[in-house]
Structures are given as C-alpha cells and as structure tokens.
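The values are calculated or read from the model by the stated rules, or taken from the named source; none is laboratory data. What you see is a predicted model, and the numbers here were worked out from it, not measured in a lab. Neighbour counts are summed over all protein chains in view; Cβ atoms, including those assigned to glycine, are modelled from backbone coordinates with ideal geometry. Calculation scope for accessible area: heavy atoms of the full protein, side chains included, ligands and nucleic acids excluded. Shrake-Rupley method; radii C 1.70, N 1.55, O 1.52, S 1.80 Å.
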Amino acid sequence: MKEATISGGGFGEQSGDYPIGREGVDRSAAMVHGGSILLVVLIACALAVAAAAIVLLGRGNAEPYILAFLAVLATVGVFGLFAFAGGILRISARPGGNPLIKAVLDDAPDGIVVSDADGRVIYANAAYLDLIGAVGDHDARSVERVFIGDADASEAIYRLVKAARAGERLQEEVRIAAGRGRPARWLRMKVRPLGIGRRAGALTVWSVCDISRDRERQESVFQELQHAIDYLDHAPAGFFSAKSNGEVAYLNATLANWLDHDLAQVGSGGLKLADLVSGDGAALLTTLRATPGEVKTDVVDLDLKTRSGRTLPVRLLHKVAFGADGSPGASRTLVLNRERDDGTEPQRAAQVRFMRFFHHTPMAIATIDRDGGIVRTNALFARLFQTTLATEGRNRSIRAIVAERDWSALEVAIGQAAQGRSDIAPVDATLTGEGERFGRFYVTAVGEQERDQEAAIVYVLETTEQRALESKLVQQQKMESIGQLAGGMAHDFNNMLNAILLATDFLLNAHKPTDPSFQDIMEIRHSANRAASLVRHLLAFSRKQTLRPQMLDLGEVLSDLSVVLRRLIGEKIDLKVVHGRDLWPVKADLLQFEQVITNLAVNARDAMPEGGGLQLRSANVSALECERYHTKGMPPGDYVLVEVSDTGTGIPEAIRDKIFVPFFTTKDVGKGTGLGLSTVYGIVKQTGGFVYFDTVEGKGTTFRIFLPRYVANAQEVAGQAVGIEAPGIAASPEAADRGHREASADLTGEGTILLVEDEEGLRILNARGLASRGYTVLQAGNGVEAIDVLEKTESKIDLVVSDVVMPEMDGPTLLRELRNRNPGLKIIFVSGYAEDAFQKHLPTDGQFDFLAKPFTLKQLVAKVKETLAA
C-alpha cells in the first residue's frame, strides 16, 4: 500500500518530499523519483555493451571477464540486501499526493506551515503565504523569521519556538505592529509537533489565524460594558449584589458614596451585607425563599448604615433567582434613598418612622395566615430564626420554629386570633434549632379587611436568658435555704456536742486508764469529735464557719500539699503539679484551702479506680483574661486560678446541678458523706472566690477555683519577710488537743469570770470546769441577767465568757452595754456560728476573743488564761 505524500509545492527540490501517514511525516533515506528513468536506461546500455564485448572476445578469452562481472554483481547484490534489511535503502513508487488532504490544507482559512527542526519550510498553504505577504512559493519563510523582529510579538514568538523545539503544544495571541502597507493586527498562533517514533518532533506544524476582527468585536463589547458599568455606577439610585452567604459581590459608586465605603473592598470578601444593613436587617435579605427556578422580587424598607455608623433610610427592590435545587443565587438589589423628601412621597416620613419602629423593636414580629404560614416578618424575627427559616422552602410556617410538643397551644392561640378574639393568653414554647432555646408568643388579631391573607400577628420574645437566670436564681435560693438550715442545725448540734465533750472530760478526769469504763468514755468522745467534724462541714457549706485568713503564696501551698496528696491518692494515680510564674498573693485560711484541694483530690481518686492522672495547675488570670474561661457571675478582676484536673469517668449530665448540694453522693453507703464538694463550695465562697467545673463523661473533670488577688499592705509585707504568719484555727477539737498537748503546763488560774450561756446544762458544765481550775464563776442565762449580775456584784469581774445567740439580749448587744459600763472589760465570745456571722453587728472598735463550739475543757481554760494574761 502506497503512502500518500505532500510535495513541497515548488519546495520539493529544496528539501525533499515527506510522506504523511496517520501519525505524521517520515523522511526516506533513498527514493527513486519519477524523473530518474535516464539512470535506468544508462544501466541497461552498460549491460548491453558488456554482453557484446564478451561475445567479441570469444568463449575462451571471455570466461575470466564473465566471472569478474558476476562477482561484482554478486557483491553489489549482497550489499544491497544488507542496506534494505538495515533500512538504509528504500525503493518506493512515485508518491502521489492524496487529493482530499491536499485540498483541505491548501484551502484552509488559517495559515498552515510545516517546518523541520532547522526551521526550513516543508509546506505552506496559500493562506499563510497571504498572511506573510509572500510574492510566490519561493518567498515562503518560517514563522520565526517573519515575526521575530516585531517588538510586540518577539516574546510570544520566542515562547512558541521554545515549545516547538521541546515537542510541546502552545497557543499565543500576539499583536503585530503595522507595516508594509498593512494595519496593526492580532494573530492567533498555534504550534504542535508532527512525526512518529524516532522522527517525533522532527517536523513542526504552525497554524496562524488573523483574529483582528474578533478582537475588535471584543473591545467593542468591553467598551459597551464599561459604559454600562459607568452608567450604573453613577446612576441616581444605589445598586448592590450580594451572595447567599452575605458577601457583597458588587456595589455601585452611588451607594458607596452614600455609605462612605471603599469600593476596593467589594468582591474581595472584605465587605459583608451586615456591614451595609443596620441592625438585624441583613437577615431579611438572606432568608428570602422561593420555589426552585423562580425569580422573586421583594420590596423591603429598612435602614442602611454608613461607615461612621449613621443610618440611612432606603427602600430596596431585592431580586433573587433560585436554582433548580432551590438554592438562592446572587441578588440584584436596587436601592432608593428615602432620606431626603423630594415631595413625591407624602407619606415618606411616616413610613420611615414605622419602618424603624418595626425593624428595630426588641421583639420579633411576624404576620401569619390561618395555617400558620409566615407572610412577612421584621428584621429581628428573621435573625432569631434565620437557620430554621433558611431550611424551609417557599411555604415557610411558624410551626417550624416551635417544638412539636408546644405547637398545639400556639395553634389554639392562632385560631382564636383568626376569629377576631382579643386578650389571648401568651404561650411559652420551646424553640427549634441548635441548643435549648425558649420563647414567649403573644398573638393578636388583625383587622377585619386583612384577614383574607393575614390571620394574626405574632410577637415573639426570646426568654432563654431569662429562664437561665430564673433557674440560676432558684438554684441559688435553694442553696441559700439549705445553707441556712445547715447553719441552724450546726449551731444547735454544737451546743449539744459541747456538753457531751465537757462531760466526757469530767468523766476522763475521774477515771483512770485502767478503769473498765475508760474505753467506753473514749469511744463516746471519739464519736462526738466525728460529729463535730460533720458539723464543721455544714458550717463550711453555709459559709458560717470561722476563718483565719492569711496572705498565701498558692504555689508554695500546693508544693507542700503535694507530698500529702501523693500518699492520699495512691501509686496508681500520677500526680503532676504545674506552677504558674510569679503568682499573685491571695488571702485565705491555709487549713481550709488545704481542705478544699484535699476534697477535690479524693473525689478525683474515686473517679479513677483503675488509675489515671491528676494535675494541679496554678496561674494568674487578669481582668482581660476572665472572658476566656466563660465564668458566669464572676466580675472581671485579677484572680489566682487553681485547676484540679483528672482523667476519670467524668460527671454524668443528670447530676451536674446537684454536686454542690449537701449530703448528695453517688458513692456506696458508708463510703461518703456527700459533704466533700459542698464544703469546697462553701469555703471558696466564704473566701470571696468562685468555683466552676468542666466535665466530659469518660474523659475527666476539671475544677477551677478563682481566688481574688490580694494586695498586701506594708505591715503584712514586712511581717511575711521576717516569717510572721497570721494565726490559724484548729481544724477540730482533736487537733486542738494535740496542739495543746505539749503545752500541758499549769492551766489553773484565779479571777472572777461572768459566764453567760442560755443552755443551762452547758452553762453548768462550763462553770464546773472553770471552777475546777481555781476561778470564781458567776452565771447568767442571757444578757439581761448578766447586766443584773454585774450591777449587783461588789467584786471586780475580770472576764466575761458569753454565748452569742441568746434570748432577750444577744452577745453583741451585751458587749456594747458592758463596754459602756467598763471600757476595759475583757470578753470571750463562744458560738456554734462563725465569728464573721455576728462581727458586723459589733462596733468597729469592739475588742474581743472568740472560741468556736464545740470545744473541750482544756481549750476553754487555755483560752481563758490566755485572754486574762493578755
């Protein structure tokens, strides 16, 4: 089968002919051309002469010549066979051009030229010759030779030539400068390799097309578009386009001038619809819904806002096209300025006032039909229910924003309004959407003539925050009530426990350790001490325990406490203490703060039965950083934060509101009193701090304690520098006994003591104990009796020991009366309440000592001797 070839159209003599197959053009190494018949004739003549010479020589003489001639022919034949086998020689029939392909290329409207790797032209059609202005076939030049000298086109030509040499395809549009009687023009040039196998890239096909007219049309369209944009930019009305996500894609110059916005921000994502529309009005434009494929236009009156914050009343003709899936496209919004009264709208001022009232009221408003379909809304309604309404189609219903369980009540109210009834009771309902939200719906009827389309007006007031505050207030009141109850119980229990402890002291003094009943008495004493410990927990929760605050460095406190905690939590739990740098000082009771951390550590240990991690972290929290912790109810200020984090089971959501309630526990019977966290809560609150927690079930819990920063005065700083610490308070009667055990020196004394106590049994025991130590004791049942005793007694009274809460006259009143009669009289108050609970009722200069109930006999006589010696 012959291969179709293309002759060079007059250029075959320069560079040969190239057969064109399906994949490209390949050049033959040797070809027999149609014009080489003379060579064949010469060879035939030579053979004839050789044959005649052999005949003339004779048979005998010609034999050597015949052999030599055959040898030459054989050698030539062998070499020829090798040349054909190696592809060095090839004999083909005269290549006849395919007339169809030739006609297509020759008559193509685009200029086509084929060149080899050296840039020599192999083929050029008539269109190309005309584009370059060639005078004939012999004047055909390659593309680079024609255009490389053009300054405007040289760079593009260079890129095309580079691509051609690399065997790549490339297209460029270049502008050719005017010359040789031709105007400036635009050419589209394409280049691609031509060839197969080893010859790939040996030839290059160039396509050159004059696109000047296309360019002229494009420039004309562009100019018209520029004129249209210019007309729109400077139109007497504003115009903008916004995407469905609220991003402003276009803003004309008129509107930008009205609002004093920079046009450079438009289209780059720097300008949002909320930057243009005042209040919640942007939600009105983004919640528009229609059927798929519909183009909807709404007329909306609202306020735009300038960059300086000034409002501008406008009327919007807001047009949005919806796609086949119902998703909204970019808006086309015409903006009419209604700020200036041009006399064409007599009701303009009234409409603007109503618009501002309607859209800026703090209550969401919507008009609905008989079926609950939303007809129109104000801006706040659109914002509050934007997420819900955005998922609805064209038929938006108020039912979509109300929980299913509350819809029936609202439906009844709407039905009553549709019938024209008044005084419809408000409906409290749960709102749909993310999170737990609540709203109160007020439904009123519309005018008779408007009921065909709008059946009712619905006003919605979101009550989510109000309910949260109410719930918080109820919880706080509950905690306060429990605290008051706990404090009252603690006071009464302390009186009874005080009597038990004093009675056991007398019994222990009367019995030797070898006495059979001695151990029974010790057991009674031990049980009384345990009961006293529970009472202290109740007082801690009710914030009525006595604190001895001192300036503390919490970093040092946590370091010292970590040694005890490691033994407390066990080896399976890894304790890590992370100290903040340069912690601010706080003022707190050291023993009580240690109790707080210990209680939290014990709870964390119990939440990690298989082991885990416990971390104590301290840090300073400035007033600016408070918001980061989302601490509701804590005023901004400087605090020292202590975090106690564990990797335990977390706190179930169902009990999170109860963890600080006294006696609430999830532990097994006998394993917890339910007072651990309530004690933490009370101590932190009484110290002036705040406690919060974050928990994730299965991952762990973090308690955060915020204690206010304390700014020490010069005296406290000096005292701390020399190692002077504020006095603490004994944690229990047992601890007090241990504290006084070493100081078992003589506790006897002398002097007259007035003992005031309304509990007769406790008064008798106290008097007996003091008398046993050498004191003269006068007794009174309340403050009034104490005044009488004081007036009737001739001897000097050295000390008054008085209860605080008593009938007829309480302790603070008694103190004022005594100081009026004897300013230097010493007094000790004893009470089951905290010292702070009654100190505010005392005069500012009222000096006194305090002993918390329950106390032992040793504590009482030690305090008496200490006060008398002061």
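Tabulated data for the structure shown
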item: Selection count, region 369-395, where residues are at pLDDT below 80, open to solvent by 10 Å² or more (accessible area, probe 1.4 Å) and under 27 Å from Gly447 (Cα atoms); result: 2
item: Single residue of region 275-288 satisfying the filter (part of a loop (DSSP other than H, G, I, E, B) and in contact with a Leu (Cβ under 7 Å, 6 or more places away or on another chain)) that is least open to solvent (accessible area, probe 1.4 Å); result: Thr287
item: Scan of region 176-197 for residues that are at pLDDT 80 or above and more than 23 Å from Gly119 (Cβ to Cβ), ordered by number; result: Pro183, Ala184, Arg185, Trp186
item: For Lys796: the one exception among (1) outside any helix (DSSP H, G or I); (2) open to solvent by 60 Å² or more (accessible area, probe 1.4 Å); (3) modelled with pLDDT under 85; result: (3)
item: Number of the exception - Lys272 against (1) over 28 Å from the mean Cα position of the chain (by Cα); (2) open to solvent by 60 Å² or more (accessible area, probe 1.4 Å); result: (1)
item: Filtered residues of region 600-636 (kept if open to solvent by 20 Å² or more (accessible area, probe 1.4 Å) and in a helix (DSSP H, G or I)); result: Val602, Asn603, Arg605, Asp606, Ala623, Leu624, Glu625, Glu627, Arg628, Tyr629
item: Filter result (in contact with a strand residue (DSSP E or B) (Cβ under 7 Å, 6 or more places away or on another chain), without any contact (Cβ under 8 Å) to a residue 40 or more places away in the chain and surrounded by 11 or more Cβ atoms within 10 Å (Cβ to Cβ)) within region 290-310; result: Pro292, Gly293, Val295, Lys296, Thr297, Asp298, Val300
item: Residue, least open to solvent (accessible area, probe 1.4 Å), within region 158-178, restricted to residues that are within 18 Å of Ile211 (Cβ to Cβ) and out of contact with any strand residue (DSSP E or B) (no Cβ under 7 Å at 6 or more places or on another chain); result: Ala177
item: Residue that is nearest to Gly751 (Cα to Cα) [pool: residues in region 834-870 that are at pLDDT 75 or above, among the hydrophobic types (A, V, I, L, M, F, W, C) and assigned to a helix (DSSP H, G or I)]; result: Leu868
item: Residue in region 767-774 that is touching a residue at least 40 places away in the same chain (Cβ under 8 Å) and open to solvent by less than 10 Å² (accessible area, probe 1.4 Å) present; result: yes
item: Given (1) open to solvent by 30 Å² or more (accessible area, probe 1.4 Å); (2) closer than 30 Å to Ala282 by Cβ; (3) touching a helix residue (DSSP H, G or I) at 6+ places or on another chain (Cβ under 8 Å); (4) in a strand (DSSP E or B), number of the condition Pro193 does not satisfy; result: (2)
item: Where a residue in region 344-367 is among the β-branched types (Val, Ile, Thr) and its partner, wherever it lies, is surrounded by 15 or more Cβ atoms within 10 Å (Cβ to Cβ) and in a loop (DSSP other than H, G, I, E, B), with Cβ under 9 Å and at least six apart; result: Val352/Arg338; Thr361/Asn378; Ile365/Asn378; Thr367/Val446; Thr367/Glu454; Thr367/Ala455
item: Matching residues in region 637-659 - criterion: being more than 18 Å from Leu707 (Cβ to Cβ) and surrounded by 17 or more Cβ atoms within 10 Å (Cβ to Cβ); result: Asp646, Thr647, Gly648, Thr649, Gly650, Ile651, Ile659
item: Tally of residues being open to solvent by 60 Å² or more (accessible area, probe 1.4 Å) and in contact with a Gly (Cβ under 8 Å, 6 or more places away or on another chain) across region 462-471; result: 1
item: Which listed residue, of Ala350, Ala324, Ala330, Ala366, is open to solvent by less than 40 Å² (accessible area, probe 1.4 Å), on the phi < 0 side of the Ramachandran plot, out of contact with any Asp or Glu (no Cβ under 6 Å at 6 or more places or on another chain) and not β-branched (Val, Ile, Thr); result: Ala366
item: Qualifying residue in region 569-585 (condition: open to solvent by 10 Å² or more (accessible area, probe 1.4 Å) and within 18 Å of Thr695 (Cβ to Cβ)); result: yes
item: So Leu790, is it at pLDDT below 90, assigned to a helix (DSSP H, G or I), open to solvent by less than 20 Å² (accessible area, probe 1.4 Å) and of a type in the set (A, V, I, L, M); result: no
item: Residues that are polar (S, T, N, Q) and either part of a loop (DSSP other than H, G, I, E, B) or open to solvent by less than 60 Å² (accessible area, probe 1.4 Å) (or both), drawn from region 201-220; result: Thr204, Ser207, Ser212, Ser220
item: Residue match in region 318-336 (condition: in a loop (DSSP other than H, G, I, E, B) and touching a residue at least 60 places away in the same chain (Cβ under 8 Å)); result: yes
item: Residue in region 20-32 that is modelled with pLDDT of 65 or more and under 30 Å from Ala202 (Cβ atoms) present; result: no
item: Whichever residue in region 98-116 is part of a loop (DSSP other than H, G, I, E, B) and modelled with pLDDT of 80 or more and, among such residues, is least open to solvent (accessible area, probe 1.4 Å); result: Ala108
item: Among residues of region 805-831, those that are open to solvent by 10 Å² or more (accessible area, probe 1.4 Å) and farther than 20 Å from Ala870 by Cβ, counted; result: 11
item: Flag for Thr333 being modelled with pLDDT of 85 or more, touching a helix residue (DSSP H, G or I) at 6+ places or on another chain (Cβ under 8 Å) and within 15 Å of Arg315 (Cα to Cα); result: yes
item: Region 419-439 residues that are farther than 17 Å from Ile457 by Cβ and in contact (Cβ under 8 Å) with a residue 12 or more places away in the chain, paired with ones that are assigned to a loop (DSSP other than H, G, I, E, B) and open to solvent by 50 Å² or more (accessible area, probe 1.4 Å) (beta carbon under 8 Å, 6 or more apart); result: Thr430/Glu436
item: Long-range neighbours under 9 Å by Cβ, at least six apart or interchain, first residue touching a residue at least 12 places away in the same chain (Cβ under 8 Å) and charged (D, E, K, R) within region 801-829, second in a strand (DSSP E or B) and open to solvent by 20 Å² or more (accessible area, probe 1.4 Å); result: Lys826/Asp849
item: Considering residues of region 221-249 that are touching a residue at least 60 places away in the same chain (Cβ under 8 Å) and of a type in the set (Phe, Trp, Tyr) only, the residue most open to solvent (accessible area, probe 1.4 Å); result: Phe239
